[in-house]
Amino acid sequence: MADAIVAEGLIKTYGDVKALDGIDLQVPEGTVTALLGPNGAGKTTMVRVLTTLIVPDAGSARVAGFDVVNDARALRSHIGASGQYAAVDEYLTGFENLEMVGRLYHLGVKHSRDRARELLAQFDLEEAGDRPVKGYSGGMRRRLDLAGALVAEPPVLFLDEPTTGLDPRARLGLWEVIDTLVARGTTLLLTTQYMDEAERLADDIAVIDRGKVIARGNADELKSLVGGERIEIGVPDSRDQQVACRELASVASGEIQLDSGTGKLTVPLSGAGGGAGAEALVAALGKLAVAGVRVTDVALRKPTLDDVFLTLTGHEAEKTEEAAQ
Ligand code: ATP
């Protein structure tokens, strides 16, 4: 499979800040890659270079076979991009916004109108399509912005934090729309701060910190770096704690940790995912109930972006933002 996006040694510096510090990236055609990282990691800068909005200081990149610097003009008609802040005209209707994009791409009047109607239907904006965008919700704006990126049916699509700031329902809706696009063979590079979003949408995840790719792999591979899911159980009585450690040894994938101050037991599980953690939790509680252990608190913790960061870099994601600033 050919690569739709290839970047080699990209560097972009702003004053003292290395927004990109020698990034390599390959995205095979028809696949989805997520750039996962906290605020200030360099995700937006990467997307801006790949979509020809800024020129890198060093390194090179090709998208859909075009060099992002030397073939920038030709490349633009082969890509679509949708940003963190929906780039739509407030005073035009949804339909007019999409029609305008079609005209900018020289699709012609009729084709632009047909395409606008088609996309409004696809993005569940048919009814809202004839109203001015200023009355739209955040989710509707994002959908319209994404629809705008698809007017010219680009084979390669860039989505910069597509769901940041959306409520959970709008987020799910957008994920479904993205699924449909990917099923049609679009190559997608998206950026996100959320591990669950990267896991849900991407075949491959590149974790970015301070302008560098610090880890790559699918969600399970990244989580296994952190050690997978874990069960946390509050057991106040010290004798019960000893019993619980013995009883749960068969459920744990490694050593059970006991915080004697808080009475919290942390039971590591292997990084299988797919409901295995919930099953292990039920089994663990069953064993404790039979053994008569009193439990005051229980949780199944999945690895978060913070856990991945802490493991890979020794610092938390939030600290990175401060450091970058
Ligand atoms: P966010 O989620 O906040 O957009 P990000 O991972 O996309 O974060 P970038 O926007 O790429 O991060 O920024 C990377 C670093 O480069 C940050 O430290 C940022 O302050 C800096 N930076 C980005 N653009 C500029 C600019 N035009 N001028 C100066 N500094 C910039």
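For segment 53-133, GluC sites (Glu not before Pro) meeting the loop criterion (DSSP other than H, G, I, E, B) and having at most 15 other Cβ atoms within 10 Å: GLU90, GLU126, GLU127. Here segment 228-302 has 50 percent of its accessible surface on carbon and sulfur atoms, given a 1.4 Å probe and all protein chains in place. Taking the square roots of five times each eigenvalue of the Cα gyration tensor of segment 228-302, the equivalent ellipsoid has semi-axes of 19, 12, 10 Å, listed largest first.
Within straight-line reach of LYS43, meaning a Cα separation under 20 Å, sit the following lysines at least 8 residues removed in sequence or on another chain: LYS12, LYS18, LYS212, LYS319.
What number, in percent, do you get for the relative contact order of segment 1-101 if the mean sequence gap of Cα pairs under 8 Å and at least 6 apart is divided by its residue count? Can you show the working numbers first?
Numbers: 134 pairs, mean separation 25.9, N = 101.
RCO, segment 1-101: 26 percent.
How big is the equivalent ellipsoid of segment 187-282 along its three axes, where each semi-axis is √(5λ) from the Cα gyration tensor, reported in whole Å from largest to smallest?
Details: eigenvalues 224, 40, 22 Å².
Computed over segment 187-282, the values are 33, 14, 10 Å.
Highest-first packing order for the peptide set 253-266, 217-230 is 217-230, 253-266, based on the mean count of other beta carbon atoms within 10 Å.
Restricting attention to segment 118-266, close to 70% of DSSP beta bridges with both partner residues there are antiparallel.
Please identify the longest segment of the chain free of exposed chymotrypsin sites (Phe, Trp or Tyr not before Pro), where exposed means a DSSP state other than H, G, I, E or B and no more than 15 other Cβ atoms within 10 Å. In the chain, the maximal stretch lacking such sites is 92-325. Tell me the relative contact order for segment 3-224 as a rounded percent, counting alpha carbon contacts under 8 Å between residues six or more apart. That works out to 29 percent. At the residue level, ARG143 shows approximately 50 square angstrom of accessible surface with a 1.4 angstrom probe and all protein chains present. Once you've got the GNM for the chain with C-alpha springs shorter than 10 Å, pick whichever of LEU300, LEU157, LEU174 has the biggest mean-square fluctuation. Taking springs between Cα atoms under 10 Å, the residue moving most is LEU300.
Each part reduced to its alpha carbon centroid, segment 36-68 and segment 133-191 end up 20 Å apart. For the chain, evaluate the Debye formula with one uniform point scatterer on each Cα (no solvent term) and list log10 I(q)/I(0) at q = 0.07 Å⁻¹, rounded to two decimals. Each listed q maps to, in turn, -0.37. For segment 90-222, with all protein chains in place and a probe radius of 1.4 Å, 50% of the accessible heavy-atom surface sits on carbon or sulfur.
Here the convex hull built on the C-alpha positions of segment 1-127 has a volume of 147 cubic angstrom per residue. Rolling a 1.4 angstrom probe over the protein heavy atoms with all chains in place gives the chain an accessible area of 48 Å² per residue. Ranked by the mean number of other Cβ atoms within 10 Å per residue, highest first, peptides 232-240, 208-216, 32-40 order as 32-40, 208-216, 232-240.
The values are calculated or read from the model by the stated rules, or taken from the named source; none is laboratory data. Please read these numbers as outputs of a predicted model, since none were measured by experiment. Heads up, the Cβs are rebuilt from the backbone with ideal geometry, glycines too, and the neighbour counts pull from every protein chain shown. SASA here: full protein model, heavy atoms, side chains in, ligands and nucleic acids out. Shrake-Rupley method; radii C 1.70, N 1.55, O 1.52, S 1.80 Å.
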